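The values are calculated or read from the model by the stated rules, or taken from the named source; none is laboratory data. Computed from a predicted model, the values in this text were never measured in an experiment. Counting neighbours? That spans all protein chains shown, and the Cβs are built from the backbone with ideal geometry, glycine included.
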Amino acid sequence: MNTSTLITPPALVRRAEQQDTQAIQALDSAHFIHPFTDHGDLATRGARVITRAENIYVWDSEGKKILDAMSGLWCVNAGYGRRELAQAAYDQMMTLPYYNSFFQTTNVPAVQLATKLASLAPKVGDRSFEHVFFSSSGSESNDTNVRMARRYWDLMGQPERKVIISRHNAYHGSTMAGASLGGMSGMHAQGDLPIPNITHIEQPYHFENGLPGESEADFGLRAARWLEEKILAIGPDKVAAFIAEPVQGAGGVIIPPATYWPEIQRIVDQYGILLICDEVICAFGRLGHWFAYEKFGIKPDLVTFAKGVTSGYIPLGGVMVGNRVAQVLIDKGGEFNHGYTYSGHPVACAVALANLEIMEREGLPQRVRDDIGPYLAKRFAELNDHPLVGVAETCGFVAGLVLVKDKATRQVFDPDLAVGMMCRAHCFKNGLIMRAVGDRMIIAPPLVMTHEQIDEMMALIRLCLDATLAQLRSLGHVA
């Protein structure tokens, strides 16, 4: 793999080293409201100040080097320090920094990117994707899905089909519709969510929801049939769509059994409802394919994307609109009264094109599928022998493990102990970014990782698990 373009420019390094941590923290506390943050707690701790990045590492304002096993926020697929992406943004800014896509107007990068994405999206069965709607984030894209799905059924003469079914513990964004589609109870507790005509079924999480002695295969079928039960309870003539992530990301890397998606597909086909595949995390090589629906044999009607399309270098999201929906919107719909100021932003689209070119040139999806994904699976499975690990599992280049009090019985810790946050603190202390979702510890590293870097990461993970175990023993919480 060519790594010559992963060098941080010297000027950026100099600027980063000149930061005064305490001064930045004081200004941060005084003026910056962070996402998903307890600001009273943050004020006492002080924000971690990240100043520069290169390849799979970031540095803080104290000069500490940290292995970023979360790709920023699931998005830096091509790694940090890619000069081509900065150059693409600069060149486009000097040519056409912005123009809108309203009023029967377009721009070249948006057209080129829509064409490129259509070429990368594989046809599965009778479903194909020739059209793209652009936004600036996954949240906006899932709001778009709600509008598109309901508009589709209006045009099909079935306006009563408004209900969209999602899953508990799913994440589909932070906007009113996105947060409603998601199944996070903490988000629903604020802002009178979910909005009407959005409902949820249980997630396909065998470790938590499987019955004693129930195989993963049997559980996968039972979990999928929760969708059928919900459709019948609501009335098939009232259900517009089912939305789901191929693998739940923010919910803790919840990997469904192999039997789950084929049964989901049977159900949506039987009742004629739209299938929305949220691939904000899973697309662009993360699971070893350009789009993860191909991996699972899913036949979606709408596919949400964001994050990895630009490797996070600049905000961009969108919806791949399947022909079943697109042709109805185009042929019957007239004006679609929906859109964003930055839909098809020329700079974002130019960066995305450069990013996809890198991923193609270096074969990053194929590397995940054939090389580093299997190697990560092999190394991560070794954690199953750790006293704190109930189960460790991977899918492509995402992975998760469950911290348990008793390995033999899979007894979990009291949630009030916040063992996951305890482990996360040890990770940061030892130069590793690993995310805690309750007591699940998860990773989604950059796709440019080498075998040696995977080994480095795994050594750090084991070190942090050992430190967490030692702390729990000292507190008397484990034997």
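Inspect all residues belonging to the range 38-47 and state whether any of them is outside the structural domain of Thr341 (by TED's automatic domain parsing), within 20 Å of the chain's Cα centre (by Cα) and of a type in the set (A, V, I, L, M, F, W, C).
For the range 38-47, residues outside the structural domain of Thr341 (by TED's automatic domain parsing), within 20 Å of the chain's Cα centre (by Cα) and of a type in the set (A, V, I, L, M, F, W, C): absent.
Residues to consider are Leu96, Leu117, Leu155, Leu85; find the one that is in contact with a Phe, Trp or Tyr (Cβ under 7 Å, 6 or more places away or on another chain) and either modelled with pLDDT of 95 or more or basic (Lys, Arg) (or both).
Leu85
I'd like to know if the range 169-191 contains one or more residues that are closer than 30 Å to Pro35 by Cα, within 21 Å of the chain's Cα centre (by Cα), surrounded by fewer than 23 Cβ atoms within 10 Å (Cβ to Cβ) and among the β-branched types (Val, Ile, Thr).
Yes, the range 169-191 has at least one match.
Of the residues Gly390, Gly373, Gly318, Gly285, which single one is outside the structural domain of Gln265 (by TED's automatic domain parsing), surrounded by 17 or more Cβ atoms within 10 Å (Cβ to Cβ) and not in a helix (DSSP H, G or I)?
The conditions single out Gly390.
Kindly provide the set of residues from the range 83-113 that are under 22 Å from Gly308 (Cα atoms) and among the β-branched types (Val, Ile, Thr), ordered by number.
Val108, Val111
Just to check your reading of the model, which residue among Ile231, Ile165, Ile198 is in contact with a Phe, Trp or Tyr (Cβ under 7 Å, 6 or more places away or on another chain), modelled with pLDDT of 95 or more and under 16 Å from Arg147 (Cα atoms)?
Every option except Ile165 fails the conditions.
If you scan the range 129-163, which residues turn out to be assigned to a loop (DSSP other than H, G, I, E, B) and touching a Pro at 6+ places or on another chain (Cβ under 7 Å)?
Of everything in the range 129-163, those that are assigned to a loop (DSSP other than H, G, I, E, B) and touching a Pro at 6+ places or on another chain (Cβ under 7 Å) turn out to be Ser136, Ser137.
Just name the residue that is nearest to Phe242 (Cα to Cα) out of those in the range 202-217 that are free of Cβ contacts under 8 Å to residues at least 24 places away in the same chain and out of contact with any helix residue (DSSP H, G or I) (no Cβ under 6 Å at 6 or more places or on another chain).
This residue is Asn209.
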